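The values are calculated or read from the model by the stated rules, or taken from the named source; none is laboratory data. Nothing here was measured: the structure is a model prediction, and the numbers come from that model. Heads up, the Cβs are rebuilt from the backbone with ideal geometry, glycines too, and the neighbour counts pull from every protein chain shown.
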Amino acid sequence: MLGLTGNELTSSVPANIFNMSTLQVLTLSENKLSGNGCKVKGIIPREIGNLSGVTKMSLFNNELTGHIPNIVHGMLNLQEFYLQSNKIEGTIPDVMCSLKNLGVLDLSRNQFFGSVPPCLGNVTSLRTLYLSYNRLNSRLPESLGGLGDLVEFNISSNLLSGKLPLEIGKLKAATLIDLSKNIFSGEIPSTLGDLGELIKLSLANNRLEGSIPESFGKLLVLEFLDLCYNNLSREIPKSLEALVYLKYLSISFNEFSGEIPTSGPFANVTSQSFLSNPEPSPQKSDLSHHQLLKP
């Protein structure tokens with residue numbers, strides 16, 4: 001193991017580190033690594049591919065620039081890769097999909113653009129996938145439904161568009177899905193209701209339309225549901241009354257109408273959970289002035 005966390009290093013990553021063929025854990029996080037002192041553009045050297053024995057690499061919260069070098073396919077034993085909070089740019093290379101032992105991939109808070117590689121759906125060992133706060137601008141690949149062991153999936157704050165694929169309902173192990181702050185359109189897939197382990201779901205700040213699926217009533221361990229700032233409409237399904245563990249609900253700034261359910265979690269609703277929905281219920285609470293569920 002080589003750990004140099006939090007040492008305020010300010011030069012580029014020294015290439016000779018990557019000649020340590022027996023190294024298993026490399027931690028260079030929370031420094032200020034920058035520059036272009038290597039043989040290829042950027043400061044993640046091509047020699048990174050020599051670390052065939054590394055199982056964990058942590059380079060987060062630095063000032064790394066350039067691209068992820070294609071030579072990373074040599075890191076065949078890599079299980080955890082933390083590259084978040086840098087200035088890495090370019091597309092996410094398909095060679096990441098050759099890392100068949102990868103369980104954690106965090107590329108959030110960088111400057112990646114282009115598509116989410118469809119081949120990531122073949123990395124069936126993935127348990128955590130964070131791609132949030134980048135500039136990804138494709139559709140969400142249907143192939144990601146192949147990640148049956150994925151527990152946490154966050155791709156919020158990008159420029160992703162198009163309809164959400166039905167295959168998202170195959171992420172049976174997921175406890176967290178955050179697709180907020182994108183440009184997704186169309187209806188919410190009813191297959192999301194098949195994710196019985198889901199605890200947190202955010203689809204906020206998109207262009208989703210139609211109704212909340214009745215199938216959401218099957219999300220029996222759900223604690224957090226944020227659907228605000230979309231174009232959702234019609235009545236709130238009474239099936240949501242079954243979500244007895246729900247602690248946070250926001251469906252503000254949509255087009256809901258009709259009666260608000262009163263049983264289950266809705267018995268604890270406060271005064272602002274449905275802010276800026278246009279029509280008041282004729283018998284129950286006014287949909288235009290509610291925001292949070294009891295915390």
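Taken together, Leu240, Leu225 contain a single residue that is crowded, with 16+ Cβ neighbours inside 10 Å and assigned to a strand (DSSP E or B), which is Leu225.
If you take the residues in region 119-139 that are in contact with a Ser or Thr (Cβ under 9 Å, 6 or more places away or on another chain) and part of a loop (DSSP other than H, G, I, E, B), which one is farthest from Leu203 (Cα to Cα)? Within region 119-139, the match that is farthest from Leu203 (Cα to Cα) is Val123.
Here is a check on your reading of the model: is Ser233 at pLDDT 85 or above and touching an Asp or Glu at 6+ places or on another chain (Cβ under 6 Å)? Yes; evaluated as a whole, the condition is true for this residue. For region 35-52, the candidate set comprises residues that are crowded, with 19+ Cβ neighbours inside 10 Å and part of a loop (DSSP other than H, G, I, E, B); within that set, the residue that is modelled with the lowest pLDDT is Cys38. For region 198-222, the set of residues classified as assigned to a strand (DSSP E or B) and not polar (S, T, N, Q) consists of Lys200, Leu201, Arg207, Leu208, Glu209, Gly210, listed by residue number. Counting only residues that are in a helix (DSSP H, G or I) and either of a type outside the set (S, T, N, Q) or over 24 Å from Thr124 (Cβ atoms) (or both), region 53-96 holds 7 of them. Are any residues in region 167-197 in a strand (DSSP E or B), more than 11 Å from the chain's Cα centre (by Cα) and without any contact (Cβ under 8 Å) to a residue 40 or more places away in the chain, and if so, which ones? The answer is Ile183, Ser185, Gly186, Glu187.
Taking the condition of being of a type in the set (Asp, Glu) and out of contact with any helix residue (DSSP H, G or I) (no Cβ under 9 Å at 6 or more places or on another chain), how many residues in region 85-142 meet it? Residues meeting the conditions: 2. Put simply, of Thr262, Thr270 the only residue that is more than 21 Å from Leu208 (Cβ to Cβ), in a loop (DSSP other than H, G, I, E, B), hydroxyl-bearing (Ser, Thr, Tyr) and modelled with pLDDT under 65 is Thr270.
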